[in-house]
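Here's the structure, in structure tokens; my notes come after.
Every number here is computed from the coordinates shown, using simple stated rules; none is lab data. For clarity, every value in this text was computed on a predicted model and none was experimentally measured. Here the Cβ is made from the backbone with ideal geometry for all residues, glycine too, and neighbour counts use every protein chain on show.
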Amino acid sequence: MSIVVENLSKSYGGQKAVDNISFQVNTGEILGFLGPNGAGKTTTMKIITSFMAPSSGDVKINGLSIQTEKENIKKKIGYLPENNPLYYDMPVLEYLGFTAALQGVVKNKINDKIAQMVFICGLDEEKHKKIGELSKGYRQRVGLAQAMIHNPEILILDEPTTGLDPNQIIEIRKLIRRIGKEKTVILSTHILPEVEATCDRILIINKGKIVADGTPETLRKQAQNNEVLKISISEASGLDEVIYSLQNLESVNMVDPLIDADTTLMVQSKAGFSSRKNIFQLCVDKHWVLTEMTPIETKLEDIFKELTTN
Amino acid sequence: MNKIWIIAARELKTFFDSLTAYILLISFLGISGFFTWLFGSDIFYIGQASLEPFFAVAYWTLFFFTPALTMRMLAEENKTGTIELLLTKSVTDWQVLLGKFLACLMLIGIALALTLPYYFTVWSIGPIDHGAVWCGYLGLLLMSSAYISIGLFASSITSNQIVAFLLSLFIGLFFLIIFSVLSSSFTGFGGELFDYLSLQSHFDSISRGVVDSKDIIYFLSISFFGLILAETALAKRNIVD
């Protein structure tokens with residue numbers, strides 16, 4: 001089930017929270033929605049889930065517009081809002097039953113669905129407690145369970161792993177990946193490794209506008225034109241000679257010795273060239289021993305920082 | 001209708017899971033019982049088999065109790081953010097409102113049903129006007145539904161329950177007293193208008209056993225108008241610009 005966002009804008013009191021954004025998400029795709037606080041992530045999610053109407057533009061879910069087909073669309077979406085609001089005075093099982101009934105799950109299937117969600121989200125030990133008595137991690141699981149209980153084709157998750165411990169985070173990510181194979185998932189997060197671990201595609205939004213869209217690999221390539229290698233060479237007669245020889249390789253742009261290590265160097269290649277083969281060949285010719293050669297990748301953090309700060 | 005019922009059932013259960021329902025039922029029965037049977041111009045003082053003392057007491061107690069029920073309804077959902085979760089489920093704003101309205105009305109219905117022993121007791125004492133009694137109950141229900149929708153409106157525009165409570169009392173006060181005071185100080189059209197808006201005369205005529213469509217329309221239109229305002233307040237999220 002595809003989500004098509006077309007020229008979406010939303011303003012609050014003259015201030016544009018979302019400014020004319022367009023993108024598309026297809027079935028089986030997990031889209032990571034990134035951006036600094038106040039970038040417009042949550043607003044976009046609220047519009048896609050039909051909680052709010054956009055100021056202009058449209059969202060089409062499988063060709064159905066949120067302006068006219070609100071009720072049909074809501075049935076197909078599972079939504080975990082920011083801060084995971086829940087009825088704290090309700091017991092877990094009762095709350096899941098209430099959600100299932102509201103989402104139109106057939107009466108005799110409700111218990112099966114609840115049991116399934118309790119199993120998937122690991123709620124078995126806490127299922128009879130009131131939601132207010134649960135720890136934050138378990139509340140988050142209840143939030144996920146209520147979003148998925150009617151087996152929606154689209155999942156919109158606003159910061160799904162906040163408050164979970166590292167083991168739970170890994171579990172939830174696995175779960176999202178599994179679900180993402182057959183469903184359409186949009187998730188927003190501040191945790192950048194999470195995006196790499198779970199998402200097929202990243203959308204970075206800043207001040208209401210999309211500033212980057214692509215897989216983690218393409219974003220990295222865009223941000224980094226020059227190859228950077230970290231190399232260590234031993235058995236050479238002197239570091240100066242190594243630097244001099246490397247500098248003379250035609251693919252090498254710059255050689256930079258690391259201050260705290262004797263034999264480790266950072267080698268930057270010229271744009272569009274790779275120096276790996278040349279360096280290896282040089283070492284063979286000179287009878288040096290190459291003990292390390294690691295390509296240095298631009299971190300997602302750096303890309304994020306570059307795109308979202310002026 | 002099914003969705004409305006699901007929401008109403010949840011709200012009603014929440015009333016009983018918290019102490020709200022029990023406090024309301026006990027204090028309503030206590031206060032109305034005390035003034036009906038024991039104190040002031042009670043049933044024995046009047047010397048007639050009539051439930052009018054009870055209706056007069058309920059007329060006042062419901063004015064205070066209804067806002068206490070409705071204040072939580074939307075204000076709390078606004079405060080905790082659960083309104084977002086609720087409205088992104090496959091329900092309309094109207095289904096949510098009507099569900100909450102129905103839950104409050106059912107709880108008041110339960111409270112009134114528990115006063116039926118008063119009726120049977122008086123019936124066993126002397127000849128009672130059955131029509132007037134049932135009309136009185138109908139009047140109380142209609143009046144409550146008007147207060148509930150005023151309360152829902154007050155609750156929909158704030159995330160503070162105290163504000164919602166005071167605001168619905170304040171709006172209710174207009175219908176309960178202020179319009180009637182104004183009607184006596186105006187003559188001509190103004191006087192008639194305020195007299196029509198005042199709740200007392202409509203309630204009195206119903207509780208005397210006279211069911212006039214004019215009175216029923218009066219209560220239903222307040223209920224309807226309150227719900228429309230509440231719906232508008234809910235839908236405001238769509239038009240903030």
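All other residues with a Cβ under 11 Å from the Cβ of A:A39 taken together, and with Lys, Arg as +1 and Asp, Glu as -1, what is their net charge? Each step should come with its number before you reach the end.
On the way: positive: A:K41, A:K207, A:K209; negative: A:D19.
Within the 11 Å Cβ shell, the charges total +2.
What is the distance, in nm, between label points placed 7 Å from the Cα along the Cα-to-Cβ direction at B:H130 and at B:Y22?
3.7
Efficiency by 1/(1 + (r/R0)^6): what FRET value for A:M254 and A:N83, r their Cβ-Cβ distance, R0 = 45 Å, to the nearest 0.05?
Values: r = 47 Å, r/R0 = 1.05.
In this case the efficiency is close to 0.40.
Return the lysines within reach of A:K183: Cα separation strictly under 22 angstrom, same-chain partners fewer than 8 residues apart disregarded; answer none if there are no such residues.
A:K41, A:K46, A:K60, A:K70, A:K74, A:K75, A:K76, A:K109, A:K113, A:K174, B:K89
Classify segment B:181-223: rounded, prolate or oblate, from the alpha-carbon gyration tensor (a ≥ b ≥ c, eigenvalue square roots; a/c under 1.5 rounded; otherwise prolate if a/b is larger than b/c)? Write out the running numbers ahead of the final one.
Values: a/c = 2.47, a/b = 1.77, b/c = 1.39.
Judged from the Cα gyration tensor, segment B:181-223 comes out prolate (a/c at least 1.5, a/b above b/c).
Near the amide H of A:K209, under 5 Å away, which other amide H atoms are found, from residues 5 or more places off or on another chain, if H is placed in the peptide plane?
Here the answer is A:D19, since their amide H atoms fall under 5 Å of that of A:K209.
So if each residue of separation counts as 0.36 nm, and I subtract the Cα-Cα distance between A:I243 and A:V4, what length gain in nm does that give?
Working: separation 239, 0.36 × 239 = 86.04 nm, distance 5.29 nm.
The span from A:I243 to A:V4 would gain 80.7 nm if fully extended.
If you average the C-alpha positions of segment B:83-97 and of segment B:25-41 separately, how far apart do those two centres end up, in angstrom?
Going from one Cα centre to the other spans 39 Å.
Can you tell me the length gained on complete extension of the stretch B:W60 to B:L29, counting 0.36 nm per residue apart and subtracting the Cα distance?
On the way: separation 31, 0.36 × 31 = 11.16 nm, distance 1.30 nm.
Gain on stretching B:W60 to B:L29: 9.9 nm.
Using a/c under 1.5 as the rounded threshold, could you call segment B:2-235 rounded, prolate or oblate? The axes a ≥ b ≥ c are square roots of the C-alpha gyration tensor eigenvalues, and prolate needs a/b larger than b/c, oblate otherwise.
Numbers: a/c = 2.05, a/b = 1.39, b/c = 1.48.
It comes out oblate by the Cα gyration axes.
Find the relative contact order for segment B:2-235 and round it to a whole percent, using C-alpha pairs within less than 8 Å whose residues are 6+ positions apart. If you can, show how the numbers build up before the last one.
Numbers: 301 pairs, mean separation 59.7, N = 234.
RCO, segment B:2-235: 25 percent.
Given the rule -39500 (n - 2.57) for each run of at least 4 DSSP H residues, summed and divided by the residues of the protein assembly as shown, what is its mean residue ellipticity at 222 nm, to the nearest 500 deg cm²/dmol? Display every interim value, and only then the final one.
Details: 24 runs with 306 residues, N = 551.
Helices in the protein assembly as shown give a 222 nm mean residue ellipticity of -17500 deg cm²/dmol.
For segment A:225-301, calculate the relative contact order in percent as a whole number, restricting contacts to Cα pairs under 8 Å that are 6 or more residues apart.
Numbers: 122 pairs, mean separation 35.8, N = 77.
In percent, rounded to a whole number, it is 47.
Can you tell me the FRET efficiency between A:Q67 and A:S22 if r is taken as the Cβ-Cβ distance and R0 is 22 Å, rounded to the nearest 0.05?
Efficiency, from the Cβ-Cβ distance: 0.85.
Work out, step by step, the length gained on full extension between A:K277 and A:D200: first 0.36 nm times the residue separation, then minus their alpha carbon distance; give nm to one decimal. Can you show the working numbers first?
Working: separation 77, 0.36 × 77 = 27.72 nm, distance 3.12 nm.
Computed gain between A:K277 and A:D200 is 24.6 nm.
Identify which of A:M148, A:M90, A:M293 has the largest mean-square fluctuation in a Gaussian network model of chain A, with springs joining Cα atoms closer than 10 Å.
Result for chain A, Cα springs under 10 Å: A:M293 fluctuates most.
Could you check the spin-label model distance between B:K236 and B:F224? Points 7 Å from the Cα along Cα→Cβ, value in nm.
Label at B:K236, label at B:F224, 2.4 nm between them.
In what sequence do A:Y138, A:Y88 fall when counting other Cβ within 10 Å, fewest first? Intermediate results must be reported in sequence, preceding the final value.
Numbers: A:Y138 22, A:Y88 14.
Fewest to most other Cβ atoms nearby, the residues stand as A:Y88, A:Y138.
Using r as the Cβ-Cβ distance of A:I120 and B:I162, and R0 as 41 Å, what FRET efficiency do you calculate, to the nearest 0.05?
Working: r = 41 Å, r/R0 = 1.00.
With a Förster radius of 41 Å, E is 0.50.
Rounded, prolate or oblate for chain A? Axes are the square roots of the Cα gyration tensor eigenvalues, ordered a ≥ b ≥ c, and the cut-off for rounded is a/c under 1.5.
Details: a/c = 3.08, a/b = 2.03, b/c = 1.52.
Prolate.
Which cross-chain or sequence-distant (5 or more) residues have an amide H under 5 Å from the amide H of A:I202, H modelled 1.01 Å from N in plane?
Residues meeting the amide H criterion: A:G32, A:G214, A:T215.
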